[in-house]
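FYI, it's all coordinate maths here, none of it is from the lab. Everything quoted here is computed from the prediction, not taken from an experiment. Neighbour counts are summed over all protein chains in view; Cβ atoms, including those assigned to glycine, are modelled from backbone coordinates with ideal geometry.
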Amino acid sequence: MGEWGAARALRRLRTRLERLAREVAKFGAVGAVGFLVNVAVFNLCIHTLQLAPIRSGVISQVVAIGTNYLGNRYWTYRHTDKRRIRRETVLFFAFSGIALVIENAVLAVSHYGLGFTSPLADNIAKNVIGLGIGTLFRFWTYRTWVFRAGSAGRIFGRSASGGRLTAKEKREDRRVLLK
């Protein structure tokens, strides 16, 4: 690789990292709004309505998941393929459901397994530790499978029909990655 090739590769890498940083920032902003909704509804349910911690966690997360879907679909990933919106919605809510289980499992272990039953302990378990693990899971799954730019159903370098990508599809994938 010559000097020009190395410079071109570095420019491409920088462009991809800048795009990733923008995506992470938007995902984080949407997540911050979802976090505020989650915490507010959780504390409302547990302290005002006197619901059990896990029930409060599930209710608050369902409300936050709806908020996050709207933010991610119409802002963070608005540029992605909209031809498969039904598939995208099903995957979004399925992966969000798995993250919901992750968050509330951490809360259940803390509250019922370890006996940390104070409001502060419940909030730390659910809204710091559980949410942190769930957020990493969601970011990876959303960008990998849910909001795929120009993918039209492609996963792992295969076309929607199950075969290898055509040369045209490969060029399109490269073009989308470099945007």
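Results, tabulated for the structure shown:
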read-out	value
Over region 46-117: Kirkwood hydrodynamic radius from C-alpha pairwise inverse distances, Å	13.9 Å
Gain on full stretching of the segment that runs from residue 23 to residue 85 - 0.36 nm per residue minus C-alpha separation	20.4 nm
Relative packing of 107-115, 127-135, 4-12, which averages over residues the other C-beta atoms within 10 Å, highest first	127-135, 107-115, 4-12
Footprinting exposure proxy for 81, 122 (fewest neighbouring C-beta atoms within 10 Å first)	81, 122
Cα shape, region 3-148, gyration tensor, a/c 1.5 rule	prolate
Contour excess over end-to-end distance, with Cα ends at residue 144 and residue 36 and 0.36 nm allotted per residue	36.3 nm
Loop sites in region 52-94: trypsin sites (Lys or Arg not before Pro), DSSP, at most 13 other Cβ within 10 Å	78, 82, 83
HN-Hα J in Hz across region 21-30 - Karplus 6.51, -1.76, 1.60, θ = phi - 60°, x for Gly and Pro	4, 5, 4, 4, 5, 5, 4, x, 5, 4
At 0.890 mPa s and 25 °C, Stokes D of region 1-56 from Kirkwood alpha-carbon radius, µm² per second	168 µm²/s
